[in-house]
Amino acid sequence: MPRRILLGQHLRLALCLYVTRSLSELRWPLASAIALPCLVFLGSSLARAAEPPALVPRTTGPTVALAARARGVAKANAATQALSVRTREDRIEVTNGDRPVGTFLFRDPKLLRPHWANLFGPGGARLTRNYPPVEGADATDHADMHSGIWLAFGDLSGHDFWRNKARIEHREFTLAPRVEGGRLQFATRSALVSAQGEPVGELLSRHELAPSQFGWLLAWQAILQATHGDLKLGDQEEMGFGARVASDLTEKQHGRLRSASGLTTAQATWGQPADWCDYADQREPGRGVLLVPSPQNFRPSWWHNRDYGVFVANPFGRAAMKQGPPSVVTIPQGEQLTLLFGAVLHDGAGFDPAAAAKAWVTATEALAPTQQ
């Protein structure tokens, strides 16, 4: 029993004995009448103190990871309580009331991998470049490679899944898109297919999107499965989890990139390790995209960052990022590698990227891979 509870019980007991003794010197029946309620009160207090604390039901596992944690930091306002989803033949459209949140394209005739596009913050500000880019409003470089947020690999067993040569083909939803408890979740199974149409492996993905006081918390859990021989992840800049920010957020216009290491600008952060990077508007510091690789991934990420708006968390390109000898990560036949990355889509005043990154890590603990 906690010491403060015992002290409280001792004080109650002393008070009862003192009152009883004082009154007993005057009149015994009156003392007895007062002593009995004192003892009852004391007994009930002791019984309550002896009871175990109430258990708060705790649900765990990937299907509830983000919502269970995010509710602890979510603000109760209308802007974050009306997520809805519509599934079409080639995409998932996510809205927040009458405002767009983003689109997940799982079939795209030009960009040959599933990806997020046209993402907005809870306040309605555009955060990623138009997809496809709009001539005259956007730079049109990498038009069919840089959508909004994506996961891709320039060298996976010698095949290029970044530059639309090999392709990641959507096969099915293993968890149909749904909004439950204020958050979106869905899961997919995709085939890794070479440029010649040969199977290379499989990719299982789980996506969750939930509101928080920092913005939308987006999580992408990826499980690479070696179903057709060993999978070998090579050493390139173009490997990992990337984003392309809105044109006016780029460093060529009004944005600035900074990292958890305290470095600023795309040039200074390029190739460096960091727990997170935030690409944000210098005019409105609360508006931007924060990328966070899970600290439970098999290795920390280096960063492939550019002033034209792309930034990529890359745990594979050690030599490409000038951080050591060439790296090849092998997944043996029949085994798998789990990765977790995410983003905070923010457009509110007073945004703190360090606090937001910490909230994202806490919110996604159940999705995070075990140390590999």
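Would you calculate the separation in nanometres between label points at T174 and L204, each defined as 7 Å from the Cα along the Cα-to-beta-carbon direction?
0.3
In which sequence would E284, E238 go, from the one with the fewest C-beta neighbours within 10 Å to the one with the most? Don't jump to the answer; show the numbers that get you there.
Numbers: E284 15, E238 21.
Final ranking by Cβ density, sparse to dense: E284, E238.
Under a Cβ-Cβ cut-off of 12 Å, what is the net charge of the residues other than G158 that fall near it, where Lys and Arg count +1 and Asp and Glu count -1? Each step should come with its number before you reach the end.
Values: positive: K165, K232; negative: D155, D160, E198, D230.
So the environment of G158 carries a net charge of -2.
Report, by chain and number, residues whose modeled amide H sits under 5 Å from the one on Y131, excluding near sequence neighbours (fewer than 5 apart, same chain).
Answer set, sorted by chain and number: N118.
Grab the beta carbon distance between F298 and Q333, set R0 = 22 Å, and tell me the FRET efficiency rounded to 0.05.
Once the sixth-power term is evaluated, E becomes 0.75.
Return Y131, Y308 ranked ascending by Cβ neighbour count within 10 Å, so the fewest neighbours appear first. Mind dumping the intermediate values first?
Working: Y131 23, Y308 17.
Taking fewest neighbouring Cβ atoms as first place, the list is Y308, Y131.
Could you grab the Rg to Rh ratio for the range 165-210? Cα atoms only, Kirkwood for Rh.
1.14
For the range 124-140, take each phi angle, set θ = phi - 60°, evaluate the Karplus expression 6.51 cos²θ - 1.76 cosθ + 1.60, and give the result in whole Hz per residue in order, putting x for glycine and proline.
Karplus values, whole Hz, x for Gly and Pro: x, 7, 5, 10, 10, 4, 3, 10, x, x, 9, 4, x, 9, 10, 5, 9.
List the relative contact order of the range 62-363 as a percent without decimals, with contacts defined as Cα pairs under 8 Å and 6+ residues apart.
18
Read the figures in this text as sums done on the coordinates, not as results from a lab. On a predicted model such as this, the values are computed, not experimentally measured, just so you know. When we count neighbours, we look across all protein chains shown, and the Cβ atoms used for this are built from the backbone with ideal geometry, even at glycine.
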